[in-house]
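A short write-up of the structure that comes next.
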Amino acid sequence: MTKEKADVKKVVLAYSGGLDTSIIIPWLKENYECEVIAFCANLGQTNDELVGLRDKALASGASKVYLEDLRLEFLTDYVFPTMQAGAVYERKYLLGTSMARPLIAKRQVAIAEVEDADAVAHGATGKGNDQVRFELTFQAINPKLKVIAPWREWDIRSREDAIEYAAAHNVPVAATRKSIYSRDENFWHISHEGGLLENPWNEPDEEMYQLTVSPEKAPDTPEYITIDFDAGIPVRVDGTAMGPISLMNALNETAARHGIGRIDLVENRLVGMKSHGVYETPGGTLLYAAHQSLEELTLDRETLHYKQLLALKYADLVYNGLWFTPLREAFDAFVQRTQQPVSGSVRLKLYKGNIIMAGRKSPYSLYREDYATFGEDDVYNQEDAVGFIKLFGLPLKVRALLNMERGGSVESEAPNYSKFKRD
């Protein structure tokens, strides 16, 4: 045993009850001879994951178990701000796991301080992004805590090894050699990695999906849903006022029934390798579509275009574990200012995996039908466009004239019609 291991007296483990964290409890007791406190955050995962979790952790060797309901904080302080920013990682991923890790790690540090623990531990592998997300949060909040990452220390090298270790230590786990996917679930999504997905040529097995029905088995009749927003925050579904938790439950149920929210992505991990994952984000996909549609109606051109640029960087920050940074806080200040007019209603038509825009309205709409109409109007003088085009294109005109004075030619070559055969 190393001196560093001997110095650890008490550790708070981020515990999900899954394969990795289930075997970490006995492993920590064996290798560090320390007290282990398990902490599980309820972020909206299915009840099956939470039932019996406390007893399982205690039976595995934990001295105490914290099981805390963080669903409301997760939605209001992490999910909704990220959605309002329009953050999407690599054009598809709605950041369900990325947003959850900073919240879990923040609360983990708080428990460590209450319990006078000198270390924190997580079950993230040395190949993944979660190790960075956990540990950057630890550093940002309490860098004095020791960090234990068993996957970077132990001899276990695969999920098969982990299953064998669990069996040897009488730790019950749901993973099997046949169903060996690595999953993470919360109110926003569920992710699937590993197993069959390690070969990106393989089509995902339908039995893998946990939340959504296949589009082929979705109802043959479209369903309409209306989502109301107040300053960028969803507040009503089909006219019924709802709090964040009830609202997400309703949206998840509706979208999942129509096979909405499945994505298949080969993404670039922060640690340098590519990985293949499948995500189910039913309600979140509806919210992104509706919120974006309402912003199209209420934000001016320059704000909307600049916000699109910021969204890319915001997504990188969240994905890379940089939630607790001054830059992300500054981004939020900008985003919240843009959300003041983003109020109104969006109607969506759901049909076999598709979201079809069916209408949007807002008291702060910048769309003017009397300006945009192709019919007769009295508010827009089309002759004004002549001067606008001349001024807007002035740099192009000056450049072309200068080139012609020097004996050059214009950028585009004259078409060569000789290569076309005539009948």
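The values are calculated or read from the model by the stated rules, or taken from the named source; none is laboratory data. Since we're looking at a predicted model, the values are computed, not measured. Neighbour counts run over all protein chains shown; Cβ positions are idealised from the backbone, glycine included. Protein only, heavy atoms only, side chains kept; ligands, DNA and RNA dropped before computing areas. Shrake-Rupley method; radii C 1.70, N 1.55, O 1.52, S 1.80 Å.
Please name all residue pairs, on different chains or six or more residues apart, with Cβ atoms under 8 Å, provided the first residue is in region 62-88 and is under 21 Å from residue 39 (Cα atoms) and the second residue is basic (Lys, Arg) and in a helix (DSSP H, G or I).
65/54; 67/54; 68/107; 70/107
Within region 205-227, is there a residue that is closer than 27 Å to residue 52 by Cβ and open to solvent by 70 Å² or more (accessible area, probe 1.4 Å)?
For region 205-227, residues closer than 27 Å to residue 52 by Cβ and open to solvent by 70 Å² or more (accessible area, probe 1.4 Å): present.
When region 287-318 is examined, which residues are found to be over 19 Å from residue 89 (Cβ atoms) and open to solvent by 60 Å² or more (accessible area, probe 1.4 Å)?
Scanning region 287-318 gives 296, 300, 301, 302, 305, 306.
Take residue 100 and tell me if it is touching a Leu at 6+ places or on another chain (Cβ under 7 Å) and surrounded by 19 or more Cβ atoms within 10 Å (Cβ to Cβ).
Working: touching a Leu at 6+ places or on another chain (Cβ under 7 Å): yes; surrounded by 19 or more Cβ atoms within 10 Å (Cβ to Cβ): yes.
So residue 100 passes the test.
Scan region 245-274 for residues that are open to solvent by 60 Å² or more (accessible area, probe 1.4 Å), touching a residue at least 40 places away in the same chain (Cβ under 8 Å) and under 17 Å from residue 209 (Cα atoms) and jot them down.
257, 264
Against the conditions (1) open to solvent by less than 20 Å² (accessible area, probe 1.4 Å); (2) modelled with pLDDT under 90, where does residue 78 fall short? Just the number, please.
Every listed condition holds for residue 78 apart from (2).
Here are the criteria: (1) over 20 Å from residue 39 (Cα atoms); (2) within 21 Å of the chain's Cα centre (by Cα); (3) outside any helix (DSSP H, G or I). Tell me which single one residue 123 does not satisfy.
(1)
Within region 288-347, which residues are in contact (Cβ under 8 Å) with a residue 40 or more places away in the chain, among the aromatic types (Phe, Trp, Tyr) and part of a helix (DSSP H, G or I)?
288, 314, 319, 331
Which residue pairs have Cβ atoms under 6 Å apart, sit 6 or more places apart or on different chains, and have a first residue in region 351-380 that is within 17 Å of residue 297 (Cβ to Cβ) and a second that is at pLDDT below 85?
Final answer for the pair search is 370/377; 370/379; 371/379; 371/380.
Looking at residue 363 and the list (1) open to solvent by less than 60 Å² (accessible area, probe 1.4 Å); (2) at pLDDT 95 or above, which single condition is not satisfied?
Of the numbered conditions (1) open to solvent by less than 60 Å² (accessible area, probe 1.4 Å); (2) at pLDDT 95 or above, the odd one out for residue 363 is (1).
Since residue 160 meets every condition but one in (1) in contact with a Lys or Arg (Cβ under 7 Å, 6 or more places away or on another chain); (2) open to solvent by less than 60 Å² (accessible area, probe 1.4 Å); (3) not aromatic (Phe, Trp, Tyr), which condition does it not meet?
In the conditions (1) in contact with a Lys or Arg (Cβ under 7 Å, 6 or more places away or on another chain); (2) open to solvent by less than 60 Å² (accessible area, probe 1.4 Å); (3) not aromatic (Phe, Trp, Tyr), residue 160 misses (2) alone.
Kindly provide the set of residues from region 330-355 that are of a type outside the set (D, E, K, R) and open to solvent by 70 Å² or more (accessible area, probe 1.4 Å), ordered by number.
We begin by selecting, within region 330-355, every residue of a type outside the set (D, E, K, R); these are 330-331, 333-336, 338-346, 348, 350-351, 353-355.
Those that are of a type outside the set (D, E, K, R) and open to solvent by 70 Å² or more (accessible area, probe 1.4 Å): 336, 340, 351, 354.
So residue 132 clears everything in (1) open to solvent by less than 40 Å² (accessible area, probe 1.4 Å); (2) at pLDDT below 95; (3) farther than 26 Å from residue 59 by Cα except one condition, right? Which one?
(2)
Among the listed residues 277, 321, 284, which satisfies the condition of being closer than 22 Å to residue 230 by Cβ, buried (at least 20 other Cβ atoms within 10 Å of the Cβ) and in contact with a Phe, Trp or Tyr (Cβ under 9 Å, 6 or more places away or on another chain)?
Exactly one of 277, 321, 284 is closer than 22 Å to residue 230 by Cβ, buried (at least 20 other Cβ atoms within 10 Å of the Cβ) and in contact with a Phe, Trp or Tyr (Cβ under 9 Å, 6 or more places away or on another chain), namely 284.
Please tell me if residue 110 is crowded, with 19+ Cβ neighbours inside 10 Å, closer than 21 Å to residue 67 by Cβ and small (Gly, Ala, Ser).
no
State which residue pairs qualify: first residue open to solvent by less than 70 Å² (accessible area, probe 1.4 Å) and inside region 189-201, second residue of a type in the set (Lys, Arg) and part of a helix (DSSP H, G or I) in any location, beta carbons under 8 Å apart, and separation of 6 or more residues or different chains.
Pairs found: 194/159.
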